[in-house]
Structures are given as structure tokens and as C-alpha cells.
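In what follows, a structure is listed as C-alpha cells, so that the remarks can point back to it.
Please treat every number below as a calculation from the coordinates, not as lab data. Note that the structure is predicted; figures quoted are calculated from it, not measured. All Cβ positions, glycine included, derive from the backbone under ideal geometry; neighbour counts span all protein chains shown.
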Amino acid sequence: MRRIAVSLTKDGAAKTTSAVNLAAGLALAGQRVPLIDTDTRGQTGFMLGVNFKRNSCDKETSGSR
Ligand SMILES: Nc1ncnc2c1ncn2[C@@H]1O[C@H](COP(=O)(O)OP(=O)(O)OP(=O)(O)O)[C@@H](O)[C@H]1O
Ligand SMILES: [Mg+2]
């Protein structure tokens, strides 16, 4: 299995966009692709249209948003 990390300290540098499109491209090419988002804002799930319920851990780490 190959692992690819999309990581940068700069905000808004298209990390999530790159990760989602890279994963989509690999999936379209026939690869099985688990996409793991470590950002508690869950933008990757949002981009993929995943409707998830927040759990108590999310509330602990994300404050009052
Ligand atoms: N190639 C592109 N052309 C134009 N806009 C882009 C491009 N790539 C990303 N964007 C836009 O730039 C913004 C930031 O992208 P994205 O959310 O992927 O960045 P990020 O690095 O994950 O940000 P954050 O640090 O907040 O997690 C988004 O509004 C996205 O739609
Ligand atoms: Mg992001």
C-alpha cells in the first residue's frame, strides 16, 4: 500500500482540494483509496457530500462553532 500525505503549515493553500482531487483521480483509475482527514472541521467529508454526525470528541476539540 502506498501512503500519500498532503501537509503544509500554510492556511488556505489547497491542501484539502488537492487531497480530495488526488483521491478521486486515483479512485477513477481503479485504485481503492481510503481518504483520511485529520482536520476537525471535516472539510474533506463536506467536499465529498458525506453527511456525518458530530460526536462528543468533535465538540471537545472544535469549541463552539
Ligand atoms: N486550483 C485552484 N484554483 C482556484 N481556487 C482554488 C484552487 N484550489 C483550491 N482553491 C480554493 O482555495 C480555497 C482553499 O482551498 P483548501 O480548502 O483546499 O485549502 P486548505 O489548504 O485545505 O485550507 P485550510 O488550511 O483552511 O485547511 C478554497 O476556497 C478552494 O476552493
Ligand atoms: Mg483544509
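Observations
- Mean Cβ neighbour count within 10 Å, used as a protection proxy, ranking 16-24, 35-43, 4-12 highest first: 16-24, 35-43, 4-12
- Annotation: extensible slack from A13 through L48 equals 10.7 nm (criterion: 0.36 nm per residue apart, minus Cα-Cα distance).
- Extended-chain gain in nm, criterion 0.36 nm per residue less alpha-carbon gap, D39 and V6: 10.7 nm
- J(HN,Hα) series, the range 42-48, from Karplus relation 6.51 cos²θ - 1.76 cosθ + 1.60, nearest Hz, glycine and proline x: x, 5, 5, x, 4, 4, 8
- Between V33 and any residue 5 or more places off or on another chain, the built amide H atoms are never under 5 Å apart.
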